[in-house]
1. Please state which one of Y101, Y144 is over 20 Å from the mean Cα position of the chain (by Cα), of a type in the set (F, W, Y) and buried (at least 17 other Cβ atoms within 10 Å of the Cβ).
2. Would region 231-238 turn up any residue that is in contact with a Ser or Thr (Cβ under 8 Å, 6 or more places away or on another chain), more than 15 Å from ligand 1 (Cβ to nearest atom), under 16 Å from H191 (Cβ atoms) and in a helix (DSSP H, G or I)?
3. If you go through region 297-317 one residue at a time, how many are more than 14 Å from E236 (Cα to Cα), in a loop (DSSP other than H, G, I, E, B) and in contact (Cβ under 8 Å) with a residue 12 or more places away in the chain?
4. Residues in region 258-287 that are polar (S, T, N, Q) and in contact with an Asp or Glu (Cβ under 6 Å, 6 or more places away or on another chain): how many?
5. Is there a residue in region 150-167 that is away from ligand 2 (no atom under 16 Å from the Cβ), closer than 24 Å to G78 by Cα and part of a strand (DSSP E or B)?
6. Identify all residues within region 38-77 that are within 16 Å of E111 (Cβ to Cβ) and touching a Pro at 6+ places or on another chain (Cβ under 6 Å); write none if there are none.
7. Return the residues of region 211-220 that are within 12 Å of ligand 2 (Cβ to nearest atom) and touching a helix residue (DSSP H, G or I) at 6+ places or on another chain (Cβ under 6 Å); say none if nothing qualifies.
8. Just checking, how many residues over region 97-127 are within 16 Å of ligand 2 (Cβ to nearest atom) and either touching a strand residue (DSSP E or B) at 6+ places or on another chain (Cβ under 6 Å) or farther than 22 Å from M186 by Cβ (or both)?
Amino acid sequence: MNKLKSAIPTLFAAVLLLLSNGLNAQVLAGAIPPRTLDPNAGLSAILLGTGVPIPNPARATACTAIIAGARVFLVDTGRNCIVPLNQAGIRDLTGIFFTHYHSDHFIGIGEILLNFAIAGNAAAIPVRGPTGAKEVMAGIAATYKLDLDYRLAHHGDKFSAAVMEPIVTEHTPGVIFEEQGLKVTMFNVCHQPIEPAVGYRFEYQGQSIVVSGDTKVCAEFAEGARDADLLISEVENAQIFNAAITLARNSNNLRQVAMIEEGMDYHAESLALARLAQEVGVKKLALTHLFPSIPPTDQAEAQFIQGMSDFYKGPILVGRDGMEVAP
Ligand SMILES: [Zn+2]
Ligand SMILES: [Zn+2]
């Protein structure tokens, strides 16, 4: 206790020193200022989660922000994506779209909703996705039920129950959203045996951004991506995996060999993706959901996209969490 008492003036002095050095309370609390959104701006994206389930401290899992003027939407809400979302200064969302229900694409939604409710947001964010959205969101609501009860008892209606239990709509492919000049089209992709699995095309002010969701390269994905100004696609590097398979096979880990091969089977192989992007006239390609989950270094990224420019002549961006991309 005495030790604690004597530490307090020291801490206070340290805070004063920091304040006198020009740091404000917001910085001390680790808070990022909210992003200023220009209502007249066009379409852009922020890659918030570029990883896969394999833990990587530099990458949250699937989560992409699409910005249309002053509105921000998320495609998927993967593990830990509240952190890059917060770092990007995004404090509110107009909608959330799910591509499919592998957990690396939705498991972060509870933390996003919780943080928005703690921040005092009152309005529910509409959640949309293919069949399965209601089941997933009912499970999230059940998981957070005790937490919600505690917070309502503690904070009363300052804490919004509506934020924690959003309105969920399930859609079939087609135009699923059209408001104030923004059109969002859902299309089927090929992530078998996972069904449904979809991608999304956002069109606004004459530009288009397509988010692939999880898919291998196939005709449906190609049609969905056709003529996109920006394609944000999942990707796998088969060469790196082949080396991993050889290692696993040499150590006789046949279960792991089979699991890697099955994983490779329903994702977009990098060279096939490059060919697709060229064939359907994609103007710019941004890679996310990097499989395997490489570190965010220039060297690893160069190795990851090796050979792609032989097939695709447009710009290729290797995603990192927080990277901003415009068409
Ligand atoms: Zn998946
Ligand atoms: Zn995935």
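The values are calculated or read from the model by the stated rules, or taken from the named source; none is laboratory data. Being a predicted model, the structure only gives us computed values, none of them experimental. All Cβ positions, even for glycine, are placed from backbone atoms using ideal geometry, and neighbour counts span all protein chains on display.
1. Details: Y101 fails: over 20 Å from the mean Cα position of the chain (by Cα).
Step by step, each of Y101, Y144 is checked, and only Y144 is over 20 Å from the mean Cα position of the chain (by Cα), of a type in the set (F, W, Y) and buried (at least 17 other Cβ atoms within 10 Å of the Cβ).
2. No, there is no match, as no residue in region 231-238 is in contact with a Ser or Thr (Cβ under 8 Å, 6 or more places away or on another chain), more than 15 Å from ligand 1 (Cβ to nearest atom), under 16 Å from H191 (Cβ atoms) and in a helix (DSSP H, G or I).
3. The first filter runs over region 297-317 and keeps only residues more than 14 Å from E236 (Cα to Cα), leaving 297-299, 309-317.
Those left that are additionally in a loop (DSSP other than H, G, I, E, B): 297, 311-315.
Still in the list and also in contact (Cβ under 8 Å) with a residue 12 or more places away in the chain: 311-315.
Going through region 297-317 one residue at a time, the tally reaches 5.
4. Keep residues of region 258-287 that are polar (S, T, N, Q), which gives 270, 278.
This time we only want the ones that are in contact with an Asp or Glu (Cβ under 6 Å, 6 or more places away or on another chain), so: none.
Total meeting the criteria: 0.
5. The answer is no, given that none of the residues of region 150-167 is away from ligand 2 (no atom under 16 Å from the Cβ), closer than 24 Å to G78 by Cα and part of a strand (DSSP E or B).
6. L48, A60
7. The one that is within 12 Å of ligand 2 (Cβ to nearest atom) and touching a helix residue (DSSP H, G or I) at 6+ places or on another chain (Cβ under 6 Å): T215.
8. Looking only at region 97-127, we keep the residues that are within 16 Å of ligand 2 (Cβ to nearest atom), and these are 97-109.
Narrowing the set further to residues that are either touching a strand residue (DSSP E or B) at 6+ places or on another chain (Cβ under 6 Å) or farther than 22 Å from M186 by Cβ (or both) leaves 97-99, 104.
Residues that pass the stated criteria total 4.
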